[in-house]
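The structure under discussion appears below in the form of structure tokens.
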Amino acid sequence: MLAVLLAGCGSAPTSTAGFVAGDGTLTVLPVDQRTSAPIISGTTLDGTPWSSATRSAQTVLVYNVWGSWCSPCRSEAPALVAASRRTAGKATFVGLNTRDLDKAAPQAFVRSFEVPYVNLYDPDGALLLKFAGQLPANAIPSTLLVDPQGRIAARIVGETTEATLVGLIEDLAAGK
């Protein structure tokens, strides 16, 4: 899965040559088909350890897979920031930065877009592999949502919008 994901995204972190963006496809799993989300642990872009095991239960967990070199990621960043602010208390947003060779470019991305949430540094896609066999992120950007019970509930393949995220979070927080 990782080879397919990375092969479609360009040959270098600063290049979009060969980039295959997602088409915005939304998949929402029925409650009875959801499986437990993997524990995601790593180091943030500022070097702080973080783990989903310590997240507040009763909130939706939103993982956004992105790269500083990814044009659709730059395009959707304001929507993610706005959605994270609108759903504060209902959702925890976590960025999964992938394919950046060092932390300088993604740190600049986070500063530039004033991203208020945690971003884990995952240059080799190891964290993404934890979703293999469930509802994998198979394009960059992709967004995965985990319901308040800790189950993988939804995936957006490609760029998303504030309205889509807020609607999904509201539905998942309401038990849908």
20 Å reach of a label modelled at Arg111, 7 Å along Cα-to-Cβ, counting backbone N of the range 58-88:
67-70, 74-75, 77-78, 81
Express the carbon and sulfur contribution to the solvent-accessible surface of the chain as a percent, rounded to the nearest whole number, probe 1.4 angstrom.
55
Sequence-distant or interchain residues sharing an amide H contact under 5 Å with Val60, placed H: which?
Ala91, Thr92
Label of the coordinate-derived value, Rg and Dmax of the Cα atoms in Å, listed as (i) 14.7, 42; (ii) 21.8, 78; (iii) 21.1, 76:
(i)
Please sort 70-78, 99-107 by packing, taking for each peptide the average over its residues of neighbouring beta carbons within 10 angstrom, highest first.
70-78, 99-107
Regression test value, accessible area per residue of the chain, probe 1.4 Å, units Å², expected 43
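The values are calculated or read from the model by the stated rules, or taken from the named source; none is laboratory data. Bear in mind that the values here come from a model prediction, so they are computed numbers and not experimental data. Virtual Cβ from ideal backbone geometry, glycine too; neighbours counted across all protein chains shown. In case anyone asks, the SASA skips ligands and DNA or RNA and just uses the protein heavy atoms, side chains included. Shrake-Rupley method; radii C 1.70, N 1.55, O 1.52, S 1.80 Å.
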